[in-house]
Each structure stands twice: as structure tokens, then as C-alpha cells.
Amino acid sequence: MKRTTKQRLVRLALYALFVVLLVALYFAADWPTIRQNFWNPGGVALSGGNWGDMITIGVKNTLIYTAIAFGGGLLVGLVAALMRLSPVAPYRWLATIYVEFFRGLPVLVVLLFMAFGIPIAFQWTPPGGIVGAGLIGLVIVAGAYMAETIRAGIQAVPKGQTEAARSLGMGAGSTTVRVVLPQAIRIVVPPLTNEFVLLLKDTSLLFIIGVQFDERELTTVARDLTTTGPSAGTSTSLIQAALLYLVITIPLTQLVAWLERRQRRASR
Amino acid sequence: MTAAPQPRTDVPAIQVRALHKYFGKNEVLKGIDFNVDQAEVVCVIGPSGSGKSTLLRCVNRLEEPTSGEILVEGIDICDPEVDLDGVRSRIGMVFQQFNLFPHLNVMKNLTLAQRTVKGRSKDEAVEIARRNLDKVGLAGKESAYPAHLSGGQQQRVAIARALSMDPDMMLFDECTSALDPELVGDVLAVMKDLASEGMTMMVVTHEMGFAREVGNKVVFMDGGVVVEEGLPDAVLGEPQHERTKAFLSKVL
Ligand SMILES: Nc1ncnc2c1ncn2[C@@H]1O[C@H](COP(=O)(O)OP(=O)(O)OP(=O)(O)O)[C@@H](O)[C@H]1O
Ligand SMILES: [Mg+2]
């Protein structure tokens, strides 16, 4: 048998197996019970059923928290990245300690520390209450990751670019602004978009610190709706939350993939 | 305060005196002395690692000399008071790897430094850029991005970019070494034109034909020193030193 024919047969067999499994699953399942336990959102209207709170409180807060954590993290990360590239050694040490420390800890530990540990130990009322403390924790962690991404982006711009600009008589400032940073930004946009997605998912950890009704992000809202509302006692709200997360994250991950493909093509 | 020294035309374009350069403990240039006169084309040859690039890069202080003196048009470029960006804008440099700005199209590559360093108006910068693109045979490529040009075209754009600053001299560091053989000729032709217009040039090269035909002087370096220098026919045709003979027998 020719190799390609054999490969095609194997692929066909795998497809057939897949279809058989799907059909078997369909007939084996107890659909009314599944429907009862997993999908009972109580209508599609924004008032009444689950969707209302999930979108107007959950999704809204998730997006706001992600934006705050991302913006703050970007700022902190840029400063830490420039410090890590500084010719002044103490700046480098400080930035390295910060980055390694917070990349080495579970986010949850940092959040608990910011929300409970530090306020109790130092009698400190965080700005914006407990949510503010949690967000500061997310900013600190995000900054540590973004610092590494940004540093790598700046260093990925070849040294010859700086040399060419300086040899034309351009100063250090305009070389950085007109030649190095535009190229570095192009390099870091895809990985930073990835970090945005990671951060968006990490906002669900704010669930653990317990916030007020209007401050809940999506996961907390979904969790609360497993015990109250039209679908109490079922997994419906969790599935709804999952769908809402995916509606936001999948386009973003696709965007990253597209940006990376385009970059690979441009660099060739 | 004394006025900043002005470039002079009555002295050699480049004067290098007792130049030493260390990378850490590694002495790469071990006391170099030589001149490039105005409108002279000096070709620097020598084996890999002999310090040719380092020497060239010291001339516009992309490398910091460890000791010694470098005068460019009579101006000591190691003087802490010197306007280094001003000196550099009068020295064009062309690199082996082209180093065009990949995020800018050809026209922007040629106008960026004209606008930021020379403060030229957009119209003036564009006109000068057009003239130089024409000169290197690339009229019409204004809106192309570097990635869409061949190596030979990119290197000619790099030359045009340097020329757009109206430099008094040009430094070339093995600017044809990264090119496919069939593209080398176009670049060498541009350099030959420049030489015939009286441009002062310091050319690190492995192209012995170019050195012999276009060079006014050939400098042979080995192990961080200038072993031999003189007229191209003399150095390349009747080398006096064993090391020169050994090198030439390998490359010719
Ligand atoms: N930035 C640097 N740091 C440390 N060592 C360096 C650096 N640049 C060059 N060198 C060393 O200096 C020596 C001379 O290098 P240089 O590039 O000047 O040689 P070259 O004559 O131009 O060689 P080639 O023909 O290969 O370009 C080499 O041994 C090289 O390893
Ligand atoms: Mg070299």
C-alpha cells in the first residue's frame, strides 16, 4: 500500500470513531435531567433571569477590573523594565527582586495578603476598600510579568538600529522615541494581549476576598446565582459565565494569533 | 566659553594617532596611526578579527577608544566638550547588515535624520532624499518598505540615507559582504561614482578589485596593527611584509 493511501485510511477510521462516539453519547445521555441541571437561565431578558446581573454587574466589573489591572500593570511594568535595563546597578537589583518575587508567588496568595494580611497588620484601609486592595495586588503581579515582556521587546530591537540612528547624528532621546520604541511596541503587542487575557481570567480570583453586591465580578455573580434566582441548585449560571468569558477571550486570542502571523510574515 | 571648534578643510579628513582599544583585557587595536586625506579613498583590508571594524567604529565613536587621539576635520572627537552628534552627522556610515529602519518606508528612512538632526523642512528633506535615491538608481522606491527590497537595494538605500545628511566623508564596513554575488556589482558601482565625485571614503572591504581600481591608498591590518600601507598597486601587487603576502595569497 502506498504511504499516502495508508495515512488517508487511518484518518478516515479516526473520523468514523469520532462520529460513533458522538452518537453513542447522544443516546446514552439523559437529556431532560441534563437540561434541568445545566441549562435553565430563566429567559433571555436582562431583567428577571440570570443574564441581567451577569452582564450588568459581572461582565461590567470584570472588564473594569481587567482594564485597571492592565493599565496599572503596564505602567509599573514599563518602569520596572527600564530599571532592569538601567546602567545603574541598584535599579537593576531592585527591579529584578520585584519581578522574580511576584512571578514566583501564586496570585491568590498575593491577593489574600493585600486584602487581609497587610490591612490587619498595618491597620491600613486600602483605597476603594477590599476591591481596591485586590486590584493593587493584581497590578503588582501583572506589572512583574509585563516588565519581562517589555524588557524582552526592547532588547529584541537589534543594536544595529541604535547604531544606525546615532551614526546619522540622532541623539539618544530621538533614537529611543523614533527608532527603538516603535519597533519594540510592535514586538510586545501580541504577548501583552495574551497577558490581558490571562489577567481577565485572574480577576475571577477576586471572588476569594468577598466583595459587595455591586462590586462582584463575573465569577462571583455566577457563584451567587447557583444558590439564588431562577436557576438555583443547577450549574446554569456557571455555564453562562463560561460562555461570557469565552465571548471575550476567544476573539482576543484569535487577534494575538493573527498579529503573530502578520509579524512573522513581515520579518521575512 | 570658547566657541565650538569648526570643521576645517585644510587638514586631513581623518587623523588617527596612537589609537588603542581594549575590550576588557583583550587589546584589539594596538597603536594605530594613519590619515585619510580629503577626497581620498582609503581601503582597509586584513584577516577576520584584525580590528578593521573596531577601527572604523572608533572614527565616529560608536566604540569608545581606550587611548589615543582621533581628529575628524581637525576636531578631537574624544574631547568631552565635543558636539558628537554634530560630528557624526558629517560622517556617513554604511553597515554590513544595512540597518535600515524596518518600520519606516524608504522615504521616511531618508528623511528622519534630516528632519530631526538638520532641522530641514519636510519639502526640502524629501527633495534631497529624491535626489539621492535617484543617484543610487532607486528612484520610484520611495514608498517601499525595507523588507520588500533585495539586499542590494537595501544597501543602496542605506547609502542614500547617509548621503542625504550631506556628509563630508563616508565610512563603509564590509558593505557588500552580506550580499548575493550578483548584487555586489550595483553597490560597488554606486561607491565608485561617489569616489569619482571626490567623496572622502574609508572602506573596509574584501573586494580586492575595488581596492585596486578605486582606492587611492590601501591599508593592511593584522592583529590590531597596521602592517603595511601604500598605493594599491604596491600593497596588493608587491607586498613587502610576509603577513601581507600570506593574506593576499589566500584571498586573491
Ligand atoms: N563589542 C565587542 N566586545 C568584545 N570583543 C569585541 C567586540 N567587538 C569586537 N570584538 C573583538 O575584537 C576583535 C576585532 O574585531 P573586529 O570586528 O574589529 O575585526 P574585523 O577585522 O572587523 O573582522 P571581520 O573581518 O570578521 O569583520 C575580535 O577578536 C572580536 O572578537
Ligand atoms: Mg568587521
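Of note:
- Taking Lys and Arg as +1 and Asp and Glu as -1, the other residues whose beta-carbon sits under 14 Å from that of B:Asp37 total -3.
- Accessible area ranking (1.4 Å probe, heavy atoms, ligands and nucleic acids excluded), largest first, for A:Thr62, A:Thr193, A:Thr253: A:Thr253, A:Thr193, A:Thr62.
- In chain B, excluding the sites themselves, the longest stretch lacking any of the GluC sites (Glu not before Pro) that are in a DSSP loop with at most 12 other Cβ atoms within 10 Å is B:82-196.
- Residue (of A:Ala142, A:Leu198, A:Ala152) at the positive-pole extreme of the range A:139-207, dipole from beta-carbon charges: A:Ala152
- The residues neighbouring B:Asp222, those whose beta-carbon lies less than 13 Å from its own, together hold a net charge of +2 under the Lys/Arg +1, Asp/Glu -1 convention.
- For B:Lys217, a cut-off of 30 angstrom between C-alpha atoms picks up these lysines, skipping any fewer than 8 places away in its own chain: B:Lys21, B:Lys30, B:Lys52, B:Lys135, B:Lys192, B:Lys245, B:Lys250.
- Selected from B:Pro167, B:Ile77, A:Trp51, residue furthest toward positive end of dipole (the protein assembly as shown; charges at beta carbon): A:Trp51
- All-pairs alpha carbon distance profile, chain B, 10 Å steps from 0, percent: 7, 30, 36, 21, 5, 0
- Averaged over the residues of peptide B:95-102, the number of Cβ atoms from other protein chains lying within 10 Å of each residue's Cβ is 5.
- Taking Cα centre as origin and charging only the Cβ of basic (Lys, Arg, +1) and acidic (Asp, Glu, -1) residues, the dipole magnitude of the protein assembly as shown rounds to 2160 debye.
- Local electrostatic count at B:Glu63 - Lys and Arg +1, Asp and Glu -1, tallied over other residues with Cβ under 14 Å: +3
- The charge dipole of the range A:62-212, taken about its Cα centre with unit charges on the Cβ atoms of Lys, Arg (+1), Asp and Glu (-1) only, comes to about 380 debye.
- Between B:His241 and A:Thr4, the distance separating the two model label sites (each 7 Å from Cα on the Cα→Cβ line) works out to 6.3 nm.
- Within straight-line cross-link reach of B:Lys25, aspartates and glutamates at Cα separation under 16 Å, skipping those fewer than 8 residues along the same chain: B:Glu63, B:Glu64
- Unit charges on C-beta of K, R, D, E only; dipole of chain B, Debye: 660
- Computed helical MRE - 222 nm, chain B, DSSP H runs ≥ 4 contributing -39500 (n - 2.57), nearest 500: -10000 deg cm²/dmol
The values are calculated or read from the model by the stated rules, or taken from the named source; none is laboratory data. The structure presented is a predicted model; accordingly, all values stated were derived computationally and were not measured. Cβ coordinates were reconstructed from backbone atoms using ideal geometry, including for glycine residues, and neighbour counts include every protein chain displayed. Heads up: the accessible areas ignore ligands, DNA and RNA and are worked out on the full protein's heavy atoms, side chains in. Shrake-Rupley method; radii C 1.70, N 1.55, O 1.52, S 1.80 Å.
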